[in-house]
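Beneath this line is the structure, given in structure tokens, with notes to follow.
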Amino acid sequence: MRPSFDPTLYLVTDTQLCRPRPVADVVRAAVAGGVTAVQVRDKEASRRELLALTRSVQAALADRPDVAVVVNDALDVALLAGASGVHVGQEDLPVAEVRAALGRDRLVGLSVESTDDLTAALRLPDGTVDLVGLSPVWATPTKPEAGPGLGLAAVRELAATARAAGLLAVAIGGIDATRAADVAATGVDGVCVVSAICTAADPRAAAAALRAELTPVAAR
């Protein structure tokens, strides 16, 4: 049975942006403020370091089994940590092979940056992907390689297509509390943030401010 997964407010971690605070401390505070899922991401970390980071986040959320902890890219780390799942990008391991390695009891997310990406995802066997990450809504310095933003109209169209196929859709890229309501109004199942929480002086308050803007998502 796959873990429960509420993508309403999905935090993607950034070790550099959290400093000097440990990532686990930021995650714990953010979840107290309303974050519903966490993706552990650190592009600079070794696999050993990423495993230790993932386990530290899991330990910080030991009393919150309702909050899924997903690993970015690293299938091996997700398996070793017993994480809730893994999220891969278009240039990472083939998502069908990731699903085969994970089995049916974990979550698999896939980044989607265009209509063509989503069309390819929908051609995969049923159950390969649980969630698509529509990326980026707006250009963002935390992932400059993602290119120009999709814009709200494209996000709305992609989210509707994903939902019709039975997939969850979240949006990421340039989202903060001033933009979250507009993104929620596109019909996505959740919003992903990085710097809006990781750089905040008070991650709990930042998460609460974001959740306050996400009533349309939380009500679904």
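Just so you know, all these numbers are worked out from the coordinates, no wet-lab data involved. Everything quoted here is computed from the prediction, not taken from an experiment. In this analysis, Cβ positions are derived from the backbone assuming ideal geometry, glycine residues included, and neighbour counts consider all displayed protein chains.
Only one residue in 26, 98 is touching a residue at least 40 places away in the same chain (Cβ under 8 Å) and either part of a helix (DSSP H, G or I) or surrounded by 22 or more Cβ atoms within 10 Å (Cβ to Cβ) (or both), so which one is that? Working first, answer last.
Numbers: 98 fails: touching a residue at least 40 places away in the same chain (Cβ under 8 Å).
Being touching a residue at least 40 places away in the same chain (Cβ under 8 Å) and either part of a helix (DSSP H, G or I) or surrounded by 22 or more Cβ atoms within 10 Å (Cβ to Cβ) (or both) holds for just one of 26, 98, which is 26.
Examine the stretch 12-22 for a residue that is in a helix (DSSP H, G or I), in contact (Cβ under 8 Å) with a residue 60 or more places away in the chain, surrounded by fewer than 23 Cβ atoms within 10 Å (Cβ to Cβ) and not hydrophobic (A, V, I, L, M, F, W, C), and state whether such a residue exists.
There is no residue in the stretch 12-22 that is in a helix (DSSP H, G or I), in contact (Cβ under 8 Å) with a residue 60 or more places away in the chain, surrounded by fewer than 23 Cβ atoms within 10 Å (Cβ to Cβ) and not hydrophobic (A, V, I, L, M, F, W, C).
Considering 63, 42, which residue is touching a Leu at 6+ places or on another chain (Cβ under 7 Å) and among the charged types (D, E, K, R)?
Working: 63 fails: touching a Leu at 6+ places or on another chain (Cβ under 7 Å).
Exactly one of 63, 42 is touching a Leu at 6+ places or on another chain (Cβ under 7 Å) and among the charged types (D, E, K, R), namely 42.
When the stretch 53-95 is examined, which residues are found to be in contact with a His (Cβ under 8 Å, 6 or more places away or on another chain) and either part of a loop (DSSP other than H, G, I, E, B) or closer than 13 Å to residue 5 by Cβ (or both)?
Of all residues in the stretch 53-95, those in contact with a His (Cβ under 8 Å, 6 or more places away or on another chain) come to 70-73.
Once the filter is applied, which keeps residues that are in contact with a His (Cβ under 8 Å, 6 or more places away or on another chain) and either part of a loop (DSSP other than H, G, I, E, B) or closer than 13 Å to residue 5 by Cβ (or both), the stretch 53-95 yields 70, 73.
Please go through the stretch 178-209 and give me each residue that is surrounded by 20 or more Cβ atoms within 10 Å (Cβ to Cβ) and touching a Leu at 6+ places or on another chain (Cβ under 6 Å), ordered by number.
Result: 180, 184, 186, 189, 197, 198.
On the given criteria, is residue 140 of a type in the set (Ser, Thr, Tyr), loosely packed, with under 15 Cβ neighbours inside 10 Å and farther than 14 Å from residue 5 by Cβ? Can you show your working first?
Details: of a type in the set (Ser, Thr, Tyr): yes; loosely packed, with under 15 Cβ neighbours inside 10 Å: no; farther than 14 Å from residue 5 by Cβ: yes.
For residue 140, the condition - of a type in the set (Ser, Thr, Tyr), loosely packed, with under 15 Cβ neighbours inside 10 Å and farther than 14 Å from residue 5 by Cβ - is not met.
Hey, could you check the stretch 29-55 for residues that are buried (at least 17 other Cβ atoms within 10 Å of the Cβ) and polar (S, T, N, Q) and say which is nearest to residue 108 (Cα to Cα)? Even if it seems obvious, please write down each step before you answer.
Within the stretch 29-55, the first condition is being buried (at least 17 other Cβ atoms within 10 Å of the Cβ), and the residues that meet it are 29-31, 33-42, 45, 50-51, 53-55.
So of that shortlist, the ones also polar (S, T, N, Q) come out as 36, 39, 54.
Details: 36: 17, 39: 12, 54: 16 Å.
Per the criteria, the residue is 39.
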